[in-house]
Amino acid sequence: MTRRLDGTVALVTGASSGIGQATAAELAREGASVALVGQRRERLADLAAQIVAAGGKALALPTDVTDAQAVAEAVQQTVEGLGRLDILVNNAGVMLLGPTPGADLNDWRRMVDVNLTGLMHTTHAALPHLLKAAGDGPRQVADIVNISSLNGRTAFAMSAVYSATKFGVNGFSEALRQELTRQHVRVAVVEPGSVDTELRAQNPPAVQQMIAAGLGDIERLRSQDIADAIGYIVTRPRHVTVNEMLVRPTEQG
């Protein structure tokens, strides 16, 4: 059976856990060769081994997305090692919440560097290859999927800078969409609500308790739910673009 992404290559950032890990595995199941970008070398190697054992092709590329040169090298290694680049999933992110007064400026800088600037680094490095893929690839189309957040359309107290980075992702993505649409490089934003990942664990216990109290006793999304959404977006026919997808848990108010 021909899989929908046979002959394509995808690069996924933040691939060592959560949404990135699930997305890389999902795209591999659809036939894509996958470049795995993240900072946890052992986890990337384990995921690559799993994909290869299942009959796929994967390349583990430990990379800090805040380092523009390192990102450019990772993209080049992807093209050299896997032959091309058709799909970019910008998933790497950090969420460090808390009151704005007295906040640690290093936390703010880290969120801006990873969530927004890192996404821009990867996009900038990948664009020449994505444009080429859209022109001469097997599908005659290429995809950029940027993982934003519900916080990218609705700002919440205690998340001022995190929300600012995700609003920035949405603005960057829409402007980029307008630039690239006639060249068949599709740009999509996925905005998850509450997902059961490691993201919340980056915060101190008091902040985690605050988040849990705000959400209440609801069933959160799984990483695979978002991976399914990304898989749907990048497997649409050439004439169809899903530009924005907001995915909440059913019970999230």
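The values are calculated or read from the model by the stated rules, or taken from the named source; none is laboratory data. Treat the numbers as computed from the prediction; the structure is a model and nothing was measured. Here the Cβ positions follow ideal geometry from the backbone for every residue, glycine too, while neighbour counts run over all protein chains shown. What goes into the accessible areas is simple: the full protein's heavy atoms, side chains included, and nothing from ligands, DNA or RNA. Shrake-Rupley method; radii C 1.70, N 1.55, O 1.52, S 1.80 Å.
Over the chain, average the accessible area per residue using a 1.4 Å probe and give it in Å², no decimals. Please list the in-between numbers first.
Values: 11630 Å² over 253 residues.
Averaged over the residues of the chain, the accessible area is 46 Å².
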Check: Which one of HIS129, VAL52, PRO62 has its Cα pushed farthest toward the positive end of the charge dipole of the chain, where Lys and Arg give +1 and Asp and Glu give -1 at the Cβ?
Finding: HIS129
Note to self: Tell me whether region 1-52 comes out rounded, prolate or oblate; compute the Cα gyration tensor, take square roots of the eigenvalues as a ≥ b ≥ c, and use a/c under 1.5 as the rounded threshold.
What the structure shows: prolate
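Using a 1.4 Å probe on the protein heavy atoms, what percent of the accessible area of the chain belongs to carbon and sulfur? It would help to have the intermediate numbers written out before the result.
Values: 5980 of 11630 Å².
Of the solvent-accessible surface of the chain, carbon and sulfur hold 51 percent.
When a/c is below 1.5 the answer is rounded, else prolate if a/b is larger than b/c, else oblate, so apply that to region 159-198 with a ≥ b ≥ c taken from the square roots of the Cα gyration tensor eigenvalues.
Details: a/c = 4.55, a/b = 1.85, b/c = 2.45.
In terms of gyration-tensor shape, oblate.
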Notebook entry, point to check: Which of the peptides 95-103, 45-53 is most tightly packed, and how do the rest follow, judged by the mean count of other Cβ atoms within 10 Å per residue?
Noted result: 45-53, 95-103
Notebook entry, point to check: Nearest 20 debye, what's the magnitude of the dipole of the chain about its Cα centre given +1 on Lys and Arg Cβ and -1 on Asp and Glu Cβ?
Noted result: 500
Notebook entry, point to check: Which percent of Cα-Cα pairs in the chain sits in each 5 Å bin, short to long?
Noted result: 1, 7, 14, 19, 20, 17, 11, 6, 3, 1, 0, 0
